[in-house]
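A quick write-up on the structure given underneath.
Here, each number is a calculation from the coordinates, and none is a lab measurement. Computed from a predicted model, the values in this text were never measured in an experiment. Positions of Cβ are generated from backbone atoms using ideal geometry, with glycine treated the same way; all protein chains shown enter the neighbour counts.
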Amino acid sequence: MRIVVASGKGGTGKTTIATSLALIAGKSVRFMDCDVEAPNAALFLNPKLVTRKEVGILLPVVDEALCTHCGKCAAVCEFHAIAVIGKKTLVFPELCHGCGSCTLICPEKVISERLAVMGVLESGATVTGIDFARGVMNVGEPMAVPIIRELKKWAPANPPAVEIRDSPPGASCPVVETIRGADFVLLVTEPTPFGLHDLKQVIGIARELGRPAGVVINRDGIGDNAVEKYCTEANLPILLRIPMERRFAEAIAAGKTLVEAAPEYRAPFCALLENIKARATG
């Protein structure tokens, strides 16, 4: 069971929901922090990170002494990351997506590849037995997708019963990559005009990818009922509501999860997990 916890807008409580869901899920659970530009789930789950791996993309390296400058590599590159000008083949690393097309199509086989490190993967276990993994992108890198893709492949030897992916915020390519291959998308929003606007964007991605989805309304009680009205019209189930309470904000600021700060929410989160399983498999 692969569950993605996503939100179109940053700061809606996505990580708050994801970390509490992981604690409820039991010991056979893997938590993946896919928000590689600003991973912060470790602040709440406190894993002991013991494994580290550099990741990135493979950039083309052209042997100019053997290159015939036929131009086939440039023609196949849809990102214009390689160009042939006269008797010179130029590579633009900032534009390259590491697809390898130029290497495969080169008739002279004079293009090799080198790893351009974009970040690291880290993994370990929490004291409660959660198998934790995260990606951390190097400052200044333009693309998060390659790191997220490698993080998803970095699976343990024994597949867990539940995999929870804490998605990046927004509705861009990193979110699409995080959702790809998931069984259910849990959308965290807030009852405000901004929350509604961004919820619509992410539900569009989930439905385009054919993933079932449900909603958690965080800070319930503020704003208006426009989010609830939209969910009804869009046939989007509201699976949990969490009110706006000062104690929750204080707990998060202290590095505590929601179910630790408010044990009475353990039962609702258990019900949420069972609801997700039923909807994903039904």
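Remarks
- Highest-fluctuation residue, V29, V50, V227 considered, GNM on the chain with Cα pairs under 10 Å: V50
- With bins 5 Å wide beginning at 0, the percent of Cα pairs of region 8-79 falling in each bin runs 3, 10, 16, 16, 9, 9, 6, 7, 9, 8, 6, 2, 0.
- Given in Å, the Rg to one decimal and the Dmax to the nearest whole number for the Cα atoms of region 58-117 are 10.2, 31.
- Selection from L95, I82, L115, by position along the positive dipole direction of region 58-117 (Cβ): I82
- Cysteines having no other Cys beta carbon under 4.7 Å from their own, within the chain: C34, C67, C70, C77, C96, C99, C106, C173, C231, C270
- Antiparallel content of DSSP bridges confined to the chain, in %, to 5: 45 percent
- Averaged over residues, the count of other Cβ atoms within 10 Å places the peptides 80-90, 146-156 in the sequence 146-156, 80-90, highest first.
- Listed residue pairs exceeding 29 Å between alpha carbons, taken from K14/K277; K14/K152; K152/K229; K153/K229; K87/K153; K14/K153: K152/K229; K153/K229; K87/K153
- As computed over the chain, the Cα convex hull volume per residue (Å³): 147 Å³
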